[in-house]
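In what follows, a structure is listed as structure tokens, so that the remarks can point back to it.
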Amino acid sequence: MDARFNMLDNEIAVKFFKRFANASLVIHQSSLPRSTQELVSLRASQINGCGWCIDMHTKEAAAAGETTVRLNLVAAWRESTVFTEAERAALALAEEGTRLADAHHGVSDETWAQVRKHYDDDQIAALVSLVAVINAANRLAVIVHQQGGSYEPGMFSAAFN
């Protein structure tokens, strides 16, 4: 499968991506732990089947010091012991916020209570924004068939700074 369209060769798309990168930078610079950011991004990308984003967030997480064991277990986080309670709350929010059409309730009160228990207001704002941004990024990449495998850590931020 080849990419359908090169978004980086189009003036409108490049303008959009620069603004999109700036929005992502706000989240990246927040007090939400970087490891949590990458785990949430990876999990949403797995659910959405976005090879490009899975590739990116796996490699960015590894470059930031995340272990192979934890990266390999993100898809089965409920059945593993390597994630903290706070990370589990964030992963549950990522799943429920990504699978909005799969459940009538959206994000459950139980998940929201766990998020409130482990994160302050700034971190929650960053976490909710991250779930929205990664889902948008997944959709962009999946629509144009942007394939995973060629991403190098730092590549995205270097392209738009």
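What the Cα convex hull of the chain gives, in volume per residue, is 120 Å³. In terms of the mean number of neighbouring beta-carbon atoms within 10 Å, the peptides 39-46, 118-125, 139-146, 98-105 order highest first as 39-46, 139-146, 118-125, 98-105. A simple spin-label model places pseudo-atoms 7 Å from Cα toward Cβ; at Ala76 and Glu152 they are separated by 3.4 nm.
For the pair region 86-147 / region 33-49, the C-alpha centres are spaced 9 Å from each other. Pair-distance distribution of region 57-97: all C-alpha pairs, bin width 10 Å, starting at 0; shares per bin in whole percent are 29, 57, 14. What the chain shows is 55 Å² of accessible area per residue, with the surface traced by a 1.4 Å probe over protein heavy atoms.
Relative to the compact-globule scaling 2.2 N^0.38 Å, provide the ratio for the alpha-carbon radius of gyration of region 78-161. Mind dumping the intermediate values first?
On the way: Rg = 15.2 Å, N = 84, 2.2 N^0.38 = 11.8 Å.
Against the empirical 2.2 N^0.38 Å value, I get 1.28 for region 78-161.
Helix by helix, which DSSP H runs in the chain go 30 Å or more along their axis at the Cα atoms and have an average Kyte-Doolittle hydropathy of 1.0 or more?
On the way: long enough: 121-143 (33 Å, 1.29).
Membrane-span-like by this rule: 121-143.
Placing unit charges on C-beta atoms (Lys and Arg positive, Asp and Glu negative, everything else neutral), compute the dipole magnitude of region 1-121 about its Cα centre in debye, rounded to 20. Kindly include the intermediate steps, with their values, before the conclusion.
Numbers: 13 positive and 17 negative charges, 42 e Å.
That gives region 1-121 a dipole magnitude of about 200 debye.
Approximating the spin labels as points 7 Å out from Cα along Cα→Cβ, the Ala64-to-Arg116 distance works out to 2.7 nm. Projecting the Cα atoms of Ala90, Val133, Leu73 onto the dipole axis of the chain, where Lys and Arg carry +1 and Asp and Glu carry -1 at the beta carbon, places Val133 farthest toward the positive end.
Beyond 15 Å, what share of the Cα-Cα pairs of region 2-48 remains, rounded to the nearest whole percent?
More than 15 Å apart: 62 percent of the Cα pairs in region 2-48.
For Thr81, the shell of other residues with beta-carbons less than 12 Å away shows a net charge of 0, using +1 for Lys and Arg and -1 for Asp and Glu.
The values are calculated or read from the model by the stated rules, or taken from the named source; none is laboratory data. Owing to the predicted nature of the structure, the values given are computational and were not obtained by experimental measurement. FYI the Cβ positions are ideal-geometry reconstructions off the backbone, even for glycines, and counts take in every protein chain you see. The protein model used for the area step is the full one, side chains on, heavy atoms only, and it has no ligands, DNA or RNA in it. Shrake-Rupley method; radii C 1.70, N 1.55, O 1.52, S 1.80 Å.
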